[in-house]
Amino acid sequence: MSSEQVTGIRPPRVPLYNDPRVRSVIYQLALAAIIVFLVYGATTNAIDHLQRAHIASGFGFWNETAGFNISQSLIPFSSTISTYGTAFWVGLLNTLLVAALGIVLATILGFLVGISRLSKNWLVSRVASGYVETIRNIPLLLQLLFWYNGVLKALPELRNSYSIADAIYLNNRGFYVPEPIARPGFGWVELVFVVGIVASVAFYFWARRRQMQTGQRAPVLWVTLGLVIALPFIVLLLAGVPIHFESPQAGRFNISGGIEVVPEFAALLFGLSIYTAAFIAEVVRAGIMAVSQGQAEAAYSLGIKPGPTLRLIVVPQAMRVIIPPLSSQYLNLIKNSSLAVAIGYPDLVQIFTGTVLNQTGQAVEVVAITMAVYLTISLVTSGLMNLYNQRMALVER
Amino acid sequence: MTMAEGELAISELHFVRDQHLAAQPAPIRMTGAIGWVRANLLSTPANIVLTVVVLLLTIWVVWELLDFLILDAVWTGADREACLMSTQHREVGACWPFVWERLPYFIYGSYPIPERWRVDVFFVLLAVGVAWLLWLHAPRRGLGALYFFVVLPIVSYILLHGFAAIGLPVVDTVLWGGVLVTIVVATVGIVVSLPIGILLALGRRSHMPTVRFFSTLFIEFVRGVPLITVLFMASVMLPLFVPQEFEPDKLLRALVGIALFASAYMAEVVRAGLQAIPKGQYEGAMAVGLGYTPMMRLIVLPQALRITIPNIVNTYIGLFKDTTLVTIIGIFDLLHTIEVARIDPKWATPVTSTTGYAVAAMFYLVFCYGMSRYARATEARLRKGDKR
């Protein structure tokens, strides 16, 4: 039954060009046409340019020999046999390494500073807000360059390295510490370590169930520390310390052996952590302030001390507010790690859009691969954070 | 007990004082400066330890800064000799003569010296535009917006790039540098990102699926990748995508990259504002017969933009800091001029780098802190305005 029959009034005749539905279709077709035209134009131009410059297209370069060196690599890489594909994985792993460590450090520092900003101690809260205001308002790139060129590269040269007991060296080429090397018998320690982790997880679940049923709390932290750290340590001693440390050897021109932390990595890690921590501090402060004052007062009136109040009452509720912006700060940190290119840390962007792009000239493919990686990381991280967020979200009655 | 009985009782029993004693002053240890220190710094043993540790840390940092920037600094000199520990026979802090000599380079880059007045005029015109927009009681603020978003870009282009017909020689953008480029990149980003961002935000909330799809695709794509890859794309792929005869110059490529990036972020900020407008406002506008464009232009956007001003300014702060990334694709912004100057053999000393970075840090700190103060003041003003 149409409206005409109900009211007896015919709807006014609308000219076709004024009908909203027709208009909407026309607008959409026009937009699609413009975009298709732009993409088509860009593609033909690009093909034309590439042919004129005799640059190959396609992803064939992936299996070609790279022929350059990489200063830090988590997987074996050699300039003579490794391919561009291997270089890609080296870069990606380096990016993920610095991002993962950066997230841990930035979270710890950010929570400390954020909570300090709310401290009743005037000096502490002032210093914390001074830190946040200063760090947030200076570009990250400038901070990275400062850490790299102003601090780490200004360390003494190899000959005048700072060294402790000829085992730890610090100079402008890096930071060297002894590398622990396992001897036969070390397997027992590893085994006990794994067993300790499994046992502490089991204990955690048992303790939680018991607390739910009886309200009694178990010393989860101490038991975990004992199982994961003390027990393997005892086994280590019992097995006669089957481990020896290989100290770095200072030669005339370089230092060999030991674990080397290159200054590029250290500068990037410091810079990213310190910068992101300032933003995380703001997120944490806003989250804690979002928990109503009454919650803390109720806890005090039950006789709970300030420490447990913060840990058991305020923070769990604040986490709900904190997590969404916190996850976007983590994403920012991962994306900002691409600034490694400015100080020469071999991350994905430096290796791929830097060296590989220059060597192959295949701008479209290289930039597309790099962007695809970051897009994937962004989507996966935000997906995981959404999942966690759903679990933490307030369950309404 | 009735009232009368109670009064009677009081008048008969005289052990109740009927005159007030003057209040005793609060204990000196609980009031004034001492009380404040006790309450805020030394309330518990843990707090005392914390205060002492933080105080020592603060003194150390402030002292180091003061030492480097002022006490140990070198104030005069002709070249690197003046800032070397070996020639000065003392600890050497900041090398200020390096900054004095290179200041014109930090501000103008390699812009030809006889033409630098044009840059000065540009700075003044820009300052007028900014003041016109930010000062709430400025006359004809509507005209100010027109000036800032339409007149200023055209005049600045003619002034800075040159226009041979009116006697301004053309200055190639490769010669531009320093603060000039930083300001140009930031201003273009600011001027371009707001309108495009609004369009994208409206597109993302549109009822037309195609429009919504492309807007969302663009926004999510750009926000999912680092700025540096967008800049690489602009600098190495843009020339491939346009016909050979239109090859854009390097600065323009960077500007395109920055503008696209900033627009995507701006779109999300504006979208948040649009979502905060109650549905009744849309329905009211439709009920009085407004079409889509007048509804958005007259009813929704003015309210949405007003509540997003603080967030827009925060996006601008991020944009201003992000302009430093153009250094990586070879544009001579302030940071790049410092990077070049600090390794110049004439001035290269162990302290030159840090001096240069300190100058840049102060520049960015002043601008960004100023913007964030403005955002906070606006937020406070809007909150006051909303209270009834």
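Quick check on this structure: which one of A:Val104, A:Val98, A:Val90, A:Val127 is assigned to a helix (DSSP H, G or I) and surrounded by fewer than 13 Cβ atoms within 10 Å (Cβ to Cβ)?
Working: A:Val98 fails: surrounded by fewer than 13 Cβ atoms within 10 Å (Cβ to Cβ); A:Val90 fails: surrounded by fewer than 13 Cβ atoms within 10 Å (Cβ to Cβ); A:Val127 fails: surrounded by fewer than 13 Cβ atoms within 10 Å (Cβ to Cβ).
The match here is A:Val104.
Using beta carbons and a limit of 9 Å, which pairs, at least six apart or on different chains, have the first residue in region B:72-83 and farther than 20 Å from B:Val62 by Cα and the second one assigned to a helix (DSSP H, G or I) and acidic (Asp, Glu)?
B:Ala78/B:Glu101; B:Asp79/B:Glu101
Which numbered condition trips up B:Val256, out of (1) buried (at least 22 other Cβ atoms within 10 Å of the Cβ); (2) in contact with a Pro (Cβ under 8 Å, 6 or more places away or on another chain)?
(1)
Please give the number of the condition B:Pro104 fails out of (1) surrounded by 15 or more Cβ atoms within 10 Å (Cβ to Cβ); (2) at pLDDT 90 or above.
(1)
Which ones in region A:152-200 are in a helix (DSSP H, G or I) and surrounded by 13 or more Cβ atoms within 10 Å (Cβ to Cβ)? Don't jump to the end; show me each part of the working.
Looking only at region A:152-200, we keep the residues that are in a helix (DSSP H, G or I), and these are A:152, A:158-160, A:186-200.
Passing the criteria: A:Leu152, A:Leu158, A:Phe186, A:Trp188, A:Val189, A:Val192, A:Phe193, A:Val195, A:Gly196, A:Ile197, A:Ala199, A:Ser200.
In this structure, is B:Ile183 out of contact with any Phe, Trp or Tyr (no Cβ under 9 Å at 6 or more places or on another chain), of a type in the set (A, V, I, L, M) and at negative phi? Steps first, answer last, please.
On the way: out of contact with any Phe, Trp or Tyr (no Cβ under 9 Å at 6 or more places or on another chain): no; of a type in the set (A, V, I, L, M): yes; at negative phi: yes.
Answer is no for this residue.
From the list A:Tyr204, A:Tyr176, which one is touching an Asp or Glu at 6+ places or on another chain (Cβ under 8 Å) and touching a residue at least 12 places away in the same chain (Cβ under 8 Å)? Give the steps one after another, and end with the answer.
On the way: A:Tyr204 fails: touching an Asp or Glu at 6+ places or on another chain (Cβ under 8 Å).
Testing whether each residue is touching an Asp or Glu at 6+ places or on another chain (Cβ under 8 Å) and touching a residue at least 12 places away in the same chain (Cβ under 8 Å) leaves just A:Tyr176.
So A:Phe111 fits all but one of (1) surrounded by 13 or more Cβ atoms within 10 Å (Cβ to Cβ); (2) among the aromatic types (Phe, Trp, Tyr); (3) farther than 30 Å from A:Ala286 by Cβ; what number is the exception?
With respect to (1) surrounded by 13 or more Cβ atoms within 10 Å (Cβ to Cβ); (2) among the aromatic types (Phe, Trp, Tyr); (3) farther than 30 Å from A:Ala286 by Cβ, A:Phe111 is out only on (3).
Taking region A:240-253 on its own, how many of its residues are over 22 Å from A:Gly187 (Cα atoms) and loosely packed, with under 11 Cβ neighbours inside 10 Å?
3
Which numbered condition in (1) outside any loop (DSSP other than H, G, I, E, B); (2) more than 13 Å from every other protein chain (Cβ to nearest Cβ) is the only one that A:Ile9 fails?
Tallying (1) outside any loop (DSSP other than H, G, I, E, B); (2) more than 13 Å from every other protein chain (Cβ to nearest Cβ), A:Ile9 fails exactly one: (1).
Please count how many residues of region B:360-388 are under 25 Å from B:Leu255 (Cβ atoms) and surrounded by fewer than 20 Cβ atoms within 10 Å (Cβ to Cβ). Show your work before the answer.
Filtering region B:360-388 for residues under 25 Å from B:Leu255 (Cβ atoms) gives B:360-361, B:363-368, B:370-372, B:374-375.
Now drop any that are not surrounded by fewer than 20 Cβ atoms within 10 Å (Cβ to Cβ), which leaves B:361, B:363, B:365-367, B:370-372, B:374-375.
So the answer is 10.
Given B:Ala304, B:Ala262, which one is in a helix (DSSP H, G or I), touching a residue at least 60 places away in the same chain (Cβ under 8 Å) and not β-branched (Val, Ile, Thr)? Explain how you work it out, then say what you get.
Values: B:Ala304 fails: touching a residue at least 60 places away in the same chain (Cβ under 8 Å).
Being in a helix (DSSP H, G or I), touching a residue at least 60 places away in the same chain (Cβ under 8 Å) and not β-branched (Val, Ile, Thr) holds for just one of B:Ala304, B:Ala262, which is B:Ala262.
Exactly one condition in (1) farther than 26 Å from B:Phe218 by Cβ; (2) surrounded by fewer than 24 Cβ atoms within 10 Å (Cβ to Cβ) is not met by A:Ala340; state its number.
(2)
Taking only region A:343-359 into account, find how many residues are farther than 24 Å from A:Trp147 by Cβ, in contact (Cβ under 8 Å) with a residue 12 or more places away in the chain and surrounded by fewer than 18 Cβ atoms within 10 Å (Cβ to Cβ). Reasoning before the result, please.
Looking only at region A:343-359, we keep the residues that are farther than 24 Å from A:Trp147 by Cβ, and these are A:356-359.
If we keep only those that are in contact (Cβ under 8 Å) with a residue 12 or more places away in the chain too, we end up with A:356, A:359.
From what's left, surrounded by fewer than 18 Cβ atoms within 10 Å (Cβ to Cβ): A:359.
Within region A:343-359, residues that are farther than 24 Å from A:Trp147 by Cβ, in contact (Cβ under 8 Å) with a residue 12 or more places away in the chain and surrounded by fewer than 18 Cβ atoms within 10 Å (Cβ to Cβ) number 1.
Would region A:289-301 turn up any residue that is in contact with a Gly (Cβ under 9 Å, 6 or more places away or on another chain) and in contact (Cβ under 8 Å) with a residue 40 or more places away in the chain? Let's see the steps before the verdict.
Looking only at region A:289-301, we keep the residues that are in contact with a Gly (Cβ under 9 Å, 6 or more places away or on another chain), and these are none.
No.
If A:Ile70 meets every condition in (1) within 14 Å of another protein chain (Cβ to nearest Cβ); (2) assigned to a loop (DSSP other than H, G, I, E, B); (3) of a type in the set (A, V, I, L, M) apart from one, which number is that one?
Status for A:Ile70: all satisfied but (1).
Residues to consider are B:Ile343, B:Ile329, B:Ile299, B:Ile307; find the one that is assigned by TED's automatic domain parsing to the domain that holds B:Met266, under 20 Å from the mean Cα position of the chain (by Cα) and surrounded by fewer than 19 Cβ atoms within 10 Å (Cβ to Cβ). Before the answer, list the steps.
On the way: B:Ile343 fails: under 20 Å from the mean Cα position of the chain (by Cα); B:Ile329 fails: under 20 Å from the mean Cα position of the chain (by Cα); B:Ile299 fails: under 20 Å from the mean Cα position of the chain (by Cα).
One residue alone meets the criteria, B:Ile307.
Take the residues in region A:363-388 that are more than 7 Å from chain B (Cβ to nearest Cβ) and polar (S, T, N, Q), then tell me which one is farthest from the chain's Cα centre (by Cα).
A:Asn386
Could you list, in sequence order, the residues of region A:133-158 that are of a type in the set (A, V, I, L, M), over 20 Å from the mean Cα position of the chain (by Cα) and more than 9 Å from chain B (Cβ to nearest Cβ)?
Correct list: A:Leu152, A:Leu155, A:Leu158.
Among the helices (runs of 4 or more DSSP H) lying completely within region A:282-368, list those that include at least 2 residues that are of a type in the set (Val, Ile, Thr) and modelled with pLDDT of 85 or more. Give the steps one after another, and end with the answer.
Values: elements: A:293-301, A:315-336, A:340-343, A:357-360.
Ranges flagged: A:315-336, A:340-343.
Looking at region B:142-244, what helices (runs of 4 or more DSSP H) fall wholly within it and have at least 1 residues that are closer than 18 Å to B:Thr323 by Cα and within 11 Å of chain A (Cβ to nearest Cβ)?
On the way: elements: B:152-161, B:178-204, B:209-224, B:227-232, B:238-241.
Correct list: B:178-204, B:209-224, B:227-232.
If B:Ile329 satisfies all but one of (1) touching a Leu at 6+ places or on another chain (Cβ under 8 Å); (2) more than 28 Å from A:Leu357 (Cα to Cα), what's the number of the condition it fails?
Unmet for B:Ile329, out of (1) touching a Leu at 6+ places or on another chain (Cβ under 8 Å); (2) more than 28 Å from A:Leu357 (Cα to Cα): (2).
Might you let me know whether region B:130-142 holds any residue that is surrounded by 14 or more Cβ atoms within 10 Å (Cβ to Cβ) and more than 20 Å from B:Arg306 (Cα to Cα)?
no
Within region A:113-124, track down each residue that is at the interface with chain B (Cβ under 9 Å from one of its Cβ atoms) and assigned to a helix (DSSP H, G or I).
Here is the first cut: in region A:113-124, the ones at the interface with chain B (Cβ under 9 Å from one of its Cβ atoms) are A:116, A:119-124.
Listed by number, the residues that qualify are A:Ser116, A:Trp122, A:Leu123, A:Val124.
List every residue pair whose Cβ atoms lie under 7 Å apart, where the two residues are 6 or more positions apart in sequence or sit on different chains, the first residue falls within region B:324-352 and is within 11 Å of chain A (Cβ to nearest Cβ), and the second residue, located anywhere, is part of a loop (DSSP other than H, G, I, E, B) and modelled with pLDDT of 90 or more.
Pairs that qualify, where the first residue is within 11 Å of chain A (Cβ to nearest Cβ) and the partner is part of a loop (DSSP other than H, G, I, E, B) and modelled with pLDDT of 90 or more, are B:Thr324/A:Pro139.
Scan region B:276-293 and tell me whether some residue there is within 24 Å of the chain's Cα centre (by Cα), over 21 Å from A:Arg23 (Cβ atoms) and either of a type outside the set (D, E, K, R) or within 12 Å of chain A (Cβ to nearest Cβ) (or both).
At the first step, the residues of region B:276-293 found to be within 24 Å of the chain's Cα centre (by Cα) are none.
No, because not a single residue in region B:276-293 is within 24 Å of the chain's Cα centre (by Cα), over 21 Å from A:Arg23 (Cβ atoms) and either of a type outside the set (D, E, K, R) or within 12 Å of chain A (Cβ to nearest Cβ) (or both).
Within region B:40-56, can you find the residues that are assigned to a helix (DSSP H, G or I) and either surrounded by 13 or more Cβ atoms within 10 Å (Cβ to Cβ) or modelled with pLDDT under 80 (or both)? Working first, answer last.
Looking only at region B:40-56, we keep the residues that are assigned to a helix (DSSP H, G or I), and these are B:40, B:45-56.
Correct list: B:Asn40, B:Asn47, B:Ile48, B:Leu50, B:Thr51, B:Val52, B:Val54, B:Leu55.
Return a yes/no flag: does region A:226-238 have any residue that is under 30 Å from A:Ser71 (Cβ atoms) and free of Cβ contacts under 8 Å to residues at least 40 places away in the same chain. Explain how you work it out, then say what you get.
Let us first name the residues in region A:226-238 that are under 30 Å from A:Ser71 (Cβ atoms), namely none.
No: region A:226-238 contains no residue that is under 30 Å from A:Ser71 (Cβ atoms) and free of Cβ contacts under 8 Å to residues at least 40 places away in the same chain.
The values are calculated or read from the model by the stated rules, or taken from the named source; none is laboratory data. Source: prediction; values computed, not measured. Note that we place each Cβ from the backbone using ideal geometry, even for glycine, and neighbour counts take in every protein chain shown.
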